[in-house]
1. For Leu129, state whether it is open to solvent by less than 80 Å² (accessible area, probe 1.4 Å) and farther than 26 Å from Arg49 by Cα.
2. Determine which member of the set Leu149, Leu129 is part of a loop (DSSP other than H, G, I, E, B) and of a type in the set (A, V, I, L, M).
3. Restricting to the stretch 105-126, give me the number of residues that are polar (S, T, N, Q) and assigned to a helix (DSSP H, G or I).
4. So Pro79 clears everything in (1) of a type outside the set (Gly, Ala, Ser); (2) part of a loop (DSSP other than H, G, I, E, B); (3) at pLDDT 85 or above except one condition, right? Which one?
5. Inside the stretch 15-33, can you point out the residues that are within 12 Å of the chain's Cα centre (by Cα), open to solvent by 30 Å² or more (accessible area, probe 1.4 Å) and either without any contact (Cβ under 8 Å) to a residue 60 or more places away in the chain or more than 14 Å from Ala73 (Cβ to Cβ) (or both)?
6. Filter the stretch 132-155 down to the residues that are under 30 Å from Leu113 (Cα atoms) and open to solvent by 90 Å² or more (accessible area, probe 1.4 Å) and list them by number.
7. Regarding the stretch 164-178, can at least one residue be identified that is part of a loop (DSSP other than H, G, I, E, B), out of contact with any Pro (no Cβ under 7 Å at 6 or more places or on another chain), at pLDDT 90 or above and open to solvent by 90 Å² or more (accessible area, probe 1.4 Å)?
Amino acid sequence: MTQIDTDLFLHPVRMRIIQHLSKGTATVHELKEWMADVPQATLYRHLNRLTKNKIIHIVDERKIRGAIEKTYAMQEDSPYRTVEELKQLSGEEHLKLFMTFLSSVTGQARSYLLNDPDLSRDSFGYNQLDLYVTPDELKELTEGMNELLSKFKSNRPTDENEKISLIQMLIPEPKGRDHT
C-alpha cells in the first residue's frame, strides 16, 4: 500500500466533506446545506485540496444560470476507502484522525449549545453505554445498526426534515484487563 498523507484528513472541514461524500455524490450546494456553518469560500478551498490530492473527484458538471455546478464523489482508489486500508494505519495515525473527528463533533456541539438552544424540544443528548459482547454478538449489533440506519443515510435536506448528527464510536477495552 502507498504511504497515505493523513494530514489531508486532519482538518475538521475536510473530514466532514469526506464523511458526506462517503454516502454518495453531492454538489457544493448540497454540501453547503449539510455544512451550513462552513463559509462557502472555505468549503471550496477544502474541496479543491481534496480534488488536487485525488481523494475526491468531479463526476459531473452542468451549467446553471451562467455558473458551472460540479458534483463531487469519493475517488474510487482514494485512501481510507476500505476497512483493510484503515487497518494499515498505526495507532498514532488513528489517534490523530480520531482527535480531528472529536474536534469536529465538539465544534458542532459548541455551535448548537452557544446559539440559544431549546433543550426541552431539540434532540440533543449524549451518553456512554458499556456493553459486554462476544465477537458474534458485536457482528450482529453492527449489522443491525447498519440495517436500521441505512434507510435514513441517503436522506437529503428538505423543509420537512431536521438534521441530527448521530455519532458512533466503538472503543474496545485495552488489552491486558483482568476479567476476574
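The values are calculated or read from the model by the stated rules, or taken from the named source; none is laboratory data. Everything numeric here is computed off the predicted structure, so don't read it as measured data. Heads up, the Cβs are rebuilt from the backbone with ideal geometry, glycines too, and the neighbour counts pull from every protein chain shown. Heads up: the accessible areas ignore ligands, DNA and RNA and are worked out on the full protein's heavy atoms, side chains in. Shrake-Rupley method; radii C 1.70, N 1.55, O 1.52, S 1.80 Å.
1. On the way: open to solvent by less than 80 Å² (accessible area, probe 1.4 Å): no; farther than 26 Å from Arg49 by Cα: yes.
Against the criterion (open to solvent by less than 80 Å² (accessible area, probe 1.4 Å) and farther than 26 Å from Arg49 by Cα), Leu129 does not qualify.
2. The unique qualifying residue is Leu129.
3. Matching residues across the stretch 105-126 total 3.
4. Unmet condition: (3).
5. Gln19, Ser22
6. Leu148, Lys151, Phe152, Lys153
7. The answer is no, given that none of the residues of the stretch 164-178 is part of a loop (DSSP other than H, G, I, E, B), out of contact with any Pro (no Cβ under 7 Å at 6 or more places or on another chain), at pLDDT 90 or above and open to solvent by 90 Å² or more (accessible area, probe 1.4 Å).
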